Structure formats: C-alpha cells, structure tokens
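Read the figures in this text as sums done on the coordinates, not as results from a lab. As the structure is a prediction and not an experimental result, all values here were calculated from the model. Here the Cβ is made from the backbone with ideal geometry for all residues, glycine too, and neighbour counts use every protein chain on show.
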Amino acid sequence: MKRLKIVDMGSKVQGVHLRGDRNNPEPTHFRVSLPFGDVDITRTSDDEYWVHVRVNRPGNGQYVPGVTKLGRISDARIDAHDKHAGMIDAAVLDDPQVYHLAVRLAPGDA
C-alpha cells in the first residue's frame with residue numbers, strides 16, 4: 001500500500017492530499033483516530049468519497065470500558081452560498097449551494 005505523505009498546509013495545519021488517481025492509487029480508506037472516535041475517508045468505486053464521523057458509544061462495537069473513551073457529537077453545521085446556516089434543511093445535503101458540513105465532536109459520558 002502506498003504511504004501517504006503528511007504535508008504542511010498552512011499555519012498550524014498538517015494534512016495529506018488524496019488525489020483519486022487510479023494510475024497511482026492511494027489507500028481506499030484514510031482514518032484519523034481521535035481519543036474518543038475517528039474520522040474516516042473512503043473512496044468509492046466511482047471515485048467519489050464518503051466521510052464518516054464516528055464517536056465511541058456503548059454498543060457500537062468500538063467502545064471498550066476502561067480502554068477507550070466515550071465520545072459524543074456535540075454540534076453540527078451546514079453552510080450554503082445562498083442561505084444562513086440556520087435556514088438549511090439537513091435533508092437537502094445534495095443542494096448544489098451547500099459547500100461545507102462541519103461536525104463537532106467532544107468527550108462523552110455514558
């Protein structure tokens with residue numbers, strides 16, 4: 001599997017470039033592990049990407065009492081060019097004016 005190179009992307013920002021180049025394939029999954037969950041980017045067979053955000057909760061298969069920490073989704077926001085975030089219906093994520101989805105994660109409790 002190809003190793004991804006971590007690069008500086010600005011002041012206090014590091015990241016990787018996922019290019020979707022079939023001639024020089026990157027891993028199908030790229031994961032960032034957090035103390036209480038993870039963010040997973042998965043390339044589909046038609047060169048689109050899913051971004052998964054998961055927190056450790058009892059019963060989800062990732063939480064191990066005494067080993068892993070609980071997490072929770074504490075906030076979320078959708079931004080569109082033509083609307084204030086509060087005016088956007090979360091059911092219309094495929095609206096062409098939507099350009100940003102943010103999910104805030106925090107340590108959780110049982």
* Describe numerically, in nm with one decimal, the distance between label points set 7 Å from Cα along Cα→Cβ at VAL103 and at LEU34. => 0.9 nm
* **Which label in [x] 16.5; [y] 14.1; [z] 13.3 gives the computed Kirkwood radius over Cα pairs in Å** => [x]
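Give the calculated FRET efficiency between HIS84 and SER45 to the nearest 0.05, with a Förster radius of 30 Å applied to their Cβ-Cβ distance.
Working: r = 36 Å, r/R0 = 1.21.
Rounded to the nearest 0.05, the efficiency is 0.25.
Please report, in debye to the nearest 20, how large the charge dipole of the chain is about its Cα centre when each Lys and Arg carries +1 at its beta carbon and each Asp and Glu carries -1 there. Kindly include the intermediate steps, with their values, before the conclusion.
Details: 15 positive and 15 negative charges, 128 e Å.
About 620 debye.
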* Which of GLY108, GLN97, GLY86 sits farthest toward the positive end of the charge dipole of segment 70-110, with +1 on the Cβ of Lys and Arg and -1 on the Cβ of Asp and Glu? -> GLY108
* Asked: Across bins of 10 angstrom width beginning at 0, how are the C-alpha pair distances of segment 1-66 distributed, in whole percent?
  -> 17, 40, 31, 12, 0
* **Inter-site label distance for ARG72 and ARG22 at 7 Å from Cα along Cβ, in nm** => 4.5 nm
* Structure fact -> GNM on the chain, Cα springs under 10 Å; top mean-square fluctuation among HIS17, HIS52, HIS81 goes to HIS81
* For segment 15-22, what does the Karplus curve 6.51 cos²θ - 1.76 cosθ + 1.60, with θ = phi - 60°, yield as ³J(HN,Hα) per residue in whole Hz, taken in order and with x for Gly and Pro? -> x, 10, 9, 9, 9, x, 8, 5
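At a threshold of 8 angstrom on Cα-Cα distance, excluding pairs fewer than six apart, so keeping six or more, what relative contact order does the chain reach in percent? Write out the running numbers ahead of the final one.
Working: 164 pairs, mean separation 20.2, N = 110.
So the answer I get is 18 percent.
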* **Cut-off 12 Å between beta-carbons: net charge of the residues surrounding LEU105, Lys and Arg +1, Asp and Glu -1** => +3
* aspartates and glutamates whose Cα lies under 16 Å from that of LYS83, excluding same-chain neighbours fewer than 8 positions away -> ASP94, ASP95
